[in-house]
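**Student:** Structure in structure tokens, see below.
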Amino acid sequence: MSINILAAAFVLAGALSLPGRAAPSPSPRELLQRSLAVPSVAYEGEMTVSMLEGGRSTTREVLVRFKPPASYRREILDRIGFVVFTIVSNGRVEWVFDRRQGVAWKGEPADPDYKLLDPDEEIALLNENYEFKAAGAERVADRPCQALDMFSRRQERRLQRLCVDAASGVVLSRESFANDGRRLSDVRFLRFQTPARMEDTVFDFLPPHGTRVAASRLKPDYLRLEEAASATAMRPRLPEWVPPGFVFESVNLLAYKGATLLHYRYSDGIDVLSLFQAPAHVRLDFGGWGAERRVRNVDLGNGRAELAFHPSGKILEWIAADRFILIGSQSLESMRRVAASVSGSPRRRGAGARAVPAKTLAGRGGR
């Protein structure tokens, strides 16, 4: 999970974009299926990412390029148009480069298709929690699109609107809405094209002279919960309560600075809750997160946690023997309830937290 404003752009330009078959009037189900497919057409363009976080609006411009099957480049611009943050992958190696800090992280790209839910189960989960309605024709980046509205079946309100490019099938805009109808985020292409040829060298990366290359970075390795229990020194501790409609989707190991972390993922088909469990002495740096977040303390009932607002969602961090970080876009009350239901009592940071030695992953075998 990318914990920076690029996450929203990557969701739009990668996971939610796809090749489409031109159709005069696609049904909501057809639009939904097309929006969940992996793209098979190369594209490039410029998009804006506007998010309302903690009562303040933040807008960034992002340059995007994609070439099937799995090459991508995302470049976040500052206010005067210089690239300050880059994520680039040729499908085998992924680089994350923060120009402001002069640091680059090198690792393996995650496999988005390796999950416990197969595509049919994902569609079933979506239909259980959401209703989709065709919303007519629109234009985004001066291209004709088909709009698709997503409604919550439980709350009976509109949550999102997607606009799918009529020619290529790529999702060109995605808006999300609050309970009262206010727009919470708007991610959309300003310029979009599908070039006939795109060189592979676009997706190679060479750190600039003087760049510090981090020795380790979060590296995903997916497995089932029972496998995780035998692959780390920590006892897996999951929440006893999650919001209605959410199901356990996957757990993966993260090798990070000599330690082993656990990442639990819950989903209702659209929204995601991510819970990280780490040894208490390990401070997580996901690249570009710490410089942007704003922190305040919140009460969990039997302890305290730090709350940060970020374009990727709310972030709760606390220590209960191990270190826990919960990331999601749900209400603060729901996230507090999830955090409080994780086995073990939260304690104030530094109050006798136990440092758990990490167990090596060597010899564990494949996925």
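The values are calculated or read from the model by the stated rules, or taken from the named source; none is laboratory data. Predicted model, so just to flag it, every value in this text is computed and none were measured. With ideal geometry, Cβ positions are generated from the backbone for all residues, glycine too; neighbour counts draw on all protein chains shown.
**Student:** Among 216, 168, 173, which is the only one that is more than 23 Å from residue 127 (Cα to Cα), at pLDDT 80 or above and either small (Gly, Ala, Ser) or buried (at least 19 other Cβ atoms within 10 Å of the Cβ) (or both)?
**Tutor:** 168
**Student:** Would you point out which residue out of 20, 54 is under 19 Å from the mean Cα position of the chain (by Cα) and at pLDDT below 70? Full working, then the answer.
**Tutor:** Working: 20 fails: under 19 Å from the mean Cα position of the chain (by Cα).
Just a single option satisfies the conditions, and that option is 54.
**Student:** Then there's this: Taking segment 235-257 on its own, how many of its residues are in a loop (DSSP other than H, G, I, E, B) and not charged (D, E, K, R)?
**Tutor:** Residues meeting the conditions: 8.
**Student:** Shifting gears a bit: Name the one entry in 39, 69 that is within 20 Å of the chain's Cα centre (by Cα), crowded, with 22+ Cβ neighbours inside 10 Å and not hydrophobic (A, V, I, L, M, F, W, C).
**Tutor:** Exactly one of 39, 69 is within 20 Å of the chain's Cα centre (by Cα), crowded, with 22+ Cβ neighbours inside 10 Å and not hydrophobic (A, V, I, L, M, F, W, C), namely 39.
**Student:** Does residue 199 satisfy the criteria of being exposed (fewer than 13 other Cβ atoms within 10 Å of the Cβ), among the acidic types (Asp, Glu) and modelled with pLDDT under 90?
**Tutor:** no
**Student:** Tally time: how many residues in segment 139-164 are touching a residue at least 60 places away in the same chain (Cβ under 8 Å), closer than 18 Å to residue 49 by Cβ and touching a Leu at 6+ places or on another chain (Cβ under 7 Å)?
**Tutor:** Count: 2.
**Student:** Right, next: Please indicate, with yes or no, whether at least one residue in segment 278-294 is more than 21 Å from residue 98 (Cα to Cα), under 20 Å from the mean Cα position of the chain (by Cα) and either surrounded by 19 or more Cβ atoms within 10 Å (Cβ to Cβ) or at pLDDT 80 or above (or both).
**Tutor:** Yes, that holds for at least one residue.
**Student:** Here is a further query. Quick one: in segment 245-271, of everything that is surrounded by fewer than 18 Cβ atoms within 10 Å (Cβ to Cβ) and of a type in the set (Val, Ile, Thr), which residue is farthest from residue 150 (Cα to Cα)?
**Tutor:** 247
**Student:** For segment 180-195, which residues satisfy the criterion of being part of a strand (DSSP E or B) and surrounded by fewer than 18 Cβ atoms within 10 Å (Cβ to Cβ)?
**Tutor:** Correct list: 183, 184, 190, 191, 193.
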